[in-house]
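One structure below.
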Amino acid sequence: MRSPRAWVAGAAALWLAALVVIPFLGAEVIYPSELLAGDAAISSVFWKLRLPRVLLGLLAGGALAVAGSSLQTLFRNPLAEPYTLGVASGAALGAVAAQQLAPPSAELAIPVVALAAFLGAGSVTAVLLGLARSRFGFETATLLLAGIAITLSCSAVILLLQYLADFTRTFRMVRWMMGGLAVVGYREVLWIAPWALAGSATLFGMRWSLNQLLAGEELALSRGVDLKRLRFWVLGITSVMVGSLVAVTGPIGFVGLIVPHILRRLLGHDHVHLIPAALLAGGAFLAFSDLAARVVIAPAELPVGILTALVGGPFFLWILIADRGGSGRP
Amino acid sequence: MTTGAAEPLRLRGAAWSAGGRAIVGPIDLEVRSGECLAVVGPNGAGKTSLLRLVAGLIEPSAGEVSWRGTPFVELTRQQIARRIAYVPQIRPSRIPLTVEQLVLLGRYPHMSRFQMAPGRSDFEAVREALARVGLEGLRERQVDRLSGGERQAVFIAAALAQEAELLVLDEPTTHLDPSHQREIARLIRTFNRQSERTVITATHDLNFASLTADRVLALRSGSVLACEAPARAMRPELLERLFEAPFEVVRGGERPMTMLELDG
């Protein structure tokens, strides 16, 4: 095993590579010489379409991976992440409901949708926390089943709302529910950036406490970790991150599962390294996945959420089998 | 009351109940500085609850627990953790850390949230703790790949690295073979006598209690039957009352050895 710091540096290199290289790539490759030649159409595609999209991917993917890492440690469950726990579905339901309740002509501002998404995500985490504190405890199977039940319930309500909506709205909602980075300009990037970065920084601030959870709650408590406060903040922060994200991109699944899982194998479970690496590698992962989604059926584009779900579903099964249901290891 | 704030640990009418059911107490107890106290009693007597009360993991539902005269409620969790280290019996079956990482966790009460990495004093404490339990060689080993005895020693090392005045151990020798039991007992004794730290253990092993403890606390249905030196506590009458089973003393003296009597 190479040193954890080397892996964090590797993740940073990957992140930079994504930022620098991906805007040039796509169904139409832009060559640096073309960009420098000053063609208005090409530089518009590069600066106004591709670059913000890559930036959004880097931020959203990073936030999802950091949220996933923290939730896995908190619930002591390698399969926990915003998507599998139903937090993303709750956020989606909130966002859809807000759009449905708005007058037909109105295009809701991002903060309004995000607030609704946050309320949805927050309600789901509250339910999860309530379940975990009841006699069921944090047991792996119960938690995942609860996540599935919550996801199914939210999906049912979302379907109902879509059924009741008019045709254009339904189409927009369905596309949004697939999860993608296609909608983007800098406005969305600037909206997500503070939540993603401040959220990650705050979770990084809890790295020593999160590390304590790796040896069990009883020991963590005996070393002075305020478990109630830690749970509240981790769940609150991840809800805010997921809510603000889902409002823009729709639910994008499994980034928060795949990336932390690979990172834990490479650099271990110490959150001092895990959280920064998740922010960087998660971002790069989503940006590159989005690149793949843009070219795989060119000239058409695939929503990246479909791609991550296609990869993530089998990955989830693989962890479930390889890990025999997790047995408590994050 | 004569010694006042000098007593590290004092329980005054401390009790704990869960779901309306009294689990332990009310208990009055003073643990002296440098003392080794062993809590014995049948299953369900409330040994673990008493230990958790003493380690500040649960708040007494009545009465109070205090550290050198200051009630726990007036101390922060971190302040308690700098004074009291706890080794629980029940721990996660899988721990994804190396030996060194696990022992480093014991340094948490001494670390600041703004610290980017553990400092030199932290690594020094970890090295010393691992040397004490004789596991310096396993620093890089995954905890999940250790034997039961090594695991227990690593958790004790983590508690030593915490540099607390009081060490609380729940069933430190359960599931260990005799040679590992001996090692743990010697470790506890050395820690207790050479470093003059206070130790409280809960155990089912009466001879372990007799060998290591200055006083044995007999706990039954949450109440203290006796709290005396081993020579006085290890009486067949008391043990029979405690466990509802007949005992015989097979070796007397300061630290009597007892045995169950099958045909009594």
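The values are calculated or read from the model by the stated rules, or taken from the named source; none is laboratory data. Being a predicted model, the structure only gives us computed values, none of them experimental. Note: ideal-geometry Cβ built from the backbone for every residue, glycine included; neighbour counts use all protein chains shown. All accessible areas refer to the heavy atoms of the entire protein, side chains included, with ligands and DNA or RNA removed. Shrake-Rupley method; radii C 1.70, N 1.55, O 1.52, S 1.80 Å.
Residues that are touching a His at 6+ places or on another chain (Cβ under 6 Å), at least 2 per element: which helices (runs of 4 or more DSSP H) completely within segment B:91-208 meet that? Before the answer, list the steps.
Working: elements: B:99-105, B:120-132, B:148-161, B:178-194.
Correct list: B:148-161.
Quick one: which of B:Ser33, B:Ser17 is within 16 Å of B:Leu166 (Cα to Cα) and surrounded by fewer than 19 Cβ atoms within 10 Å (Cβ to Cβ)? Talk me through it step by step, then tell me what you get.
On the way: B:Ser17 fails: within 16 Å of B:Leu166 (Cα to Cα).
Within the list B:Ser33, B:Ser17, the selection yields B:Ser33.
For segment A:234-247, check the following and say yes or no: at least one residue is over 27 Å from A:Gln100 (Cβ atoms) and within 14 Å of chain B (Cβ to nearest Cβ). Before the answer, list the steps.
Let us first name the residues in segment A:234-247 that are over 27 Å from A:Gln100 (Cβ atoms), namely A:234, A:237.
Those still in the list that are within 14 Å of chain B (Cβ to nearest Cβ) too: none.
For segment A:234-247, residues over 27 Å from A:Gln100 (Cβ atoms) and within 14 Å of chain B (Cβ to nearest Cβ): absent.
Output the residues belonging to segment B:67-77 that are part of a loop (DSSP other than H, G, I, E, B), more than 9 Å from chain A (Cβ to nearest Cβ) and either free of Cβ contacts under 8 Å to residues at least 40 places away in the same chain or under 12 Å from B:Leu166 (Cβ atoms) (or both).
So in segment B:67-77, the residues part of a loop (DSSP other than H, G, I, E, B) come out as B:68-69, B:75-76.
Applying the additional criterion that residues be more than 9 Å from chain A (Cβ to nearest Cβ) yields B:68-69, B:75.
Matches in segment B:67-77: B:Arg68, B:Leu75.
Table: residues versus (1) surrounded by fewer than 17 Cβ atoms within 10 Å (Cβ to Cβ); (2) within 9 Å of chain A (Cβ to nearest Cβ); (3) over 19 Å from the mean Cα position of the chain (by Cα).
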site: B:Val54; (1), (2), (3): no, no, no
site: B:Glu59; (1), (2), (3): yes, no, no
site: B:Val65; (1), (2), (3): no, no, no
site: B:Gln79; (1), (2), (3): yes, yes, no
site: B:Ser121; (1), (2), (3): yes, no, yes
site: B:Ala129; (1), (2), (3): no, no, no
site: B:Gly134; (1), (2), (3): yes, no, yes
site: B:Arg139; (1), (2), (3): yes, no, yes
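Filter segment A:273-306 for residues that are over 13 Å from A:Thr249 (Cβ atoms) and either polar (S, T, N, Q) or out of contact with any Leu (no Cβ under 9 Å at 6 or more places or on another chain) (or both) and give the result.
Across segment A:273-306, the qualifying residues are A:Pro276, A:Ile297, A:Ala298, A:Pro299, A:Ala300, A:Glu301, A:Leu302.
Select from segment A:295-312 the residues that are open to solvent by less than 50 Å² (accessible area, probe 1.4 Å) and not in a loop (DSSP other than H, G, I, E, B) and list them in ascending order.
Residues satisfying the conditions are A:Val304, A:Gly305, A:Leu307, A:Thr308, A:Ala309, A:Gly312.
At pLDDT below 90 and within 30 Å of B:Tyr108 (Cα to Cα) - does that describe any residue in segment B:232-252?
Checked segment B:232-252: no residue is at pLDDT below 90 and within 30 Å of B:Tyr108 (Cα to Cα).
On the basis of being facing chain A (nearest Cβ under 8 Å), modelled with pLDDT of 95 or more and surrounded by 17 or more Cβ atoms within 10 Å (Cβ to Cβ), does B:Ile84 make the cut? Before the answer, list the steps.
Working: facing chain A (nearest Cβ under 8 Å): yes; modelled with pLDDT of 95 or more: yes; surrounded by 17 or more Cβ atoms within 10 Å (Cβ to Cβ): yes.
When the stated conditions are applied, B:Ile84 passes them.
Which residue, of B:Arg215, B:Arg186, B:Arg220, is charged (D, E, K, R) and without any contact (Cβ under 8 Å) to a residue 24 or more places away in the chain?
Details: B:Arg215 fails: without any contact (Cβ under 8 Å) to a residue 24 or more places away in the chain; B:Arg220 fails: without any contact (Cβ under 8 Å) to a residue 24 or more places away in the chain.
Residue meeting the stated conditions: B:Arg186.
Give the residue, chosen from B:Glu124, B:Glu64, B:Glu100, that is touching a residue at least 24 places away in the same chain (Cβ under 8 Å) and more than 24 Å from A:Gly216 (Cβ to Cβ). Give the derivation first.
Details: B:Glu124 fails: touching a residue at least 24 places away in the same chain (Cβ under 8 Å); B:Glu100 fails: more than 24 Å from A:Gly216 (Cβ to Cβ).
Result: B:Glu64 is the single residue among B:Glu124, B:Glu64, B:Glu100 that is touching a residue at least 24 places away in the same chain (Cβ under 8 Å) and more than 24 Å from A:Gly216 (Cβ to Cβ).
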